[in-house]
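Below you'll find the structure I mean.
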Amino acid sequence: MVNQPVRPVFGLLLLLGIFSMAPGAARGQWNSKPYQQWTAPEARALLVDSPWAQTREGLIKGGSLRPPDAEVEDTAVTVRLCSALPLRQALARLKQLKNQYDKKSKSIQGAIDAENKPVLECPACADQYVVTVSPGPHSRNSANMRFQTMLLAQLKLNVFIKNEKGETRELVDFVKPQSWDGDAMFFFPRLNSQGEPLISPSNRTLIISFDPRLFGSFPPILSRFEFDVAKMTINGKVVF
């Protein structure tokens, strides 16, 4: 099972207001300075559209219970590779900014740093890849609420993480979203029986996929996310 401290960490996303901006804003600015100097738009952008986060949008098709002329509705899903340190740094920075960290005394800054410590250290991230699924910015529907009634055994057959060679890791733990705007959290072991990680600098692509049937009437475009490994590699090491 997952170490408990990691479970509430990623639930801070909405509390910190990351959805108040559109994907792409301030993209790429985060990597030019330490996270302690990031602006709120830079930190938020990293959590929605970056080497470790992708947001997809689509329209819900009218179902059998909807009248033929019913208005279609927008939905968006954001998938994040939350075991990547830059994402956790973005969360920590947003908490700093929410509490006006830069203007506080050293003692208050120390208290905020202590609260951020579990976010930055993330004990579970040392041995596991952590992936979250959340409603995207301005989504009118929550596709990830489909996960609220699902069991781990069912998800093991329908949620996959793999590289471009087809090598996979089995889902080992799952945390259900606790609200309409909450995160569904998925945990996969980093290493195989030979002690090898799923993703190394020699890989090209990380793939997160969900069986489209998990989402019912939601668009199939929300079911497969591909991440460029080269963009996640910093100083010769894959950061995830």
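The values are calculated or read from the model by the stated rules, or taken from the named source; none is laboratory data. As the structure is a computational prediction, the values presented were derived from the model and not from experiment. Every residue, glycine as well, gets a Cβ built from its backbone with ideal geometry; the counts of neighbours run over all protein chains shown. These accessible areas exclude ligands, DNA and RNA; they are computed on the full protein's heavy atoms, side chains included. Shrake-Rupley method; radii C 1.70, N 1.55, O 1.52, S 1.80 Å.
Along Cα→Cβ, 7 Å out, is where each label goes; now give me the distance between the ones at M145 and E115 in nm to one decimal.
Distance between the two pseudo-spin positions: 2.9 nm.
Moving on to the next point. At 10 °C and 1.306 mPa s, grab the translational diffusion coefficient of segment 94-227 from Stokes-Einstein with a Kirkwood Rh over Cα pairs, rounded to a whole number in µm² per second. All intermediate terms of the calculation are to be shown ahead of the outcome.
On the way: Rh = 17.1 Å.
Roughly 93 µm²/s, to the nearest whole number.
Could you please state, rounded to a whole Å, how far the C-alpha centre of segment 118-157 is from the C-alpha centre of segment 166-201?
9
A further question follows. Over segment 106-240, with every protein chain in place, what whole percent of the accessible area is carbon and sulfur at 1.4 Å, could you tell me? Intermediate values should be presented prior to the final figure.
On the way: 3490 of 6590 Å².
Answer for segment 106-240: carbon and sulfur cover 53 percent of the accessible area.
Another one. Just to confirm, what accessible area per residue do you get for segment 81-240 at 1.4 Å probe, in whole Å²? Before the final figure, lay out the partial values.
Working: 7570 Å² over 160 residues.
Heavy-atom SASA per residue in segment 81-240 reads 47 Å².
Cα convex hull of segment 176-240: how many Å³ per residue? Walk me through the numbers before you get to the answer.
Details: hull volume 8.7 nm³, N = 65.
Hull volume over Cα atoms, normalised by residue count, gives 133 Å³.
A further question on this structure: Using the structure shown, select from K117/K165; K156/K237; K33/K165 the pairs with a Cα to Cα distance greater than 32 angstrom.
Details: K117/K165 36 Å; K156/K237 28 Å; K33/K165 34 Å.
Pairs exceeding the cut-off: K117/K165; K33/K165.
Summarise the long-distance tail of P(r) for segment 35-179 by giving the % of C-alpha pairs beyond 28 Å. Could the numbers behind the result be given before it?
On the way: 3480 of 10440 pairs.
For segment 35-179, the share of Cα pairs beyond 28 Å comes to 33 percent.
Could you list the GluC sites (Glu not before Pro) in segment 143-231 that lie in coil according to DSSP, counting only those with at most 14 other Cβ atoms within 10 Å of their Cβ?
E164, E167, E170
Also: Could you calculate, for segment 137-186, the ratio of the Cα radius of gyration to the Kirkwood radius, expressed as Rg to Rh? Spell out each step's value before the answer.
Values: Rg = 12.7 Å, Rh = 12.2 Å.
When Rh is taken as the Kirkwood radius, the ratio is 1.04.
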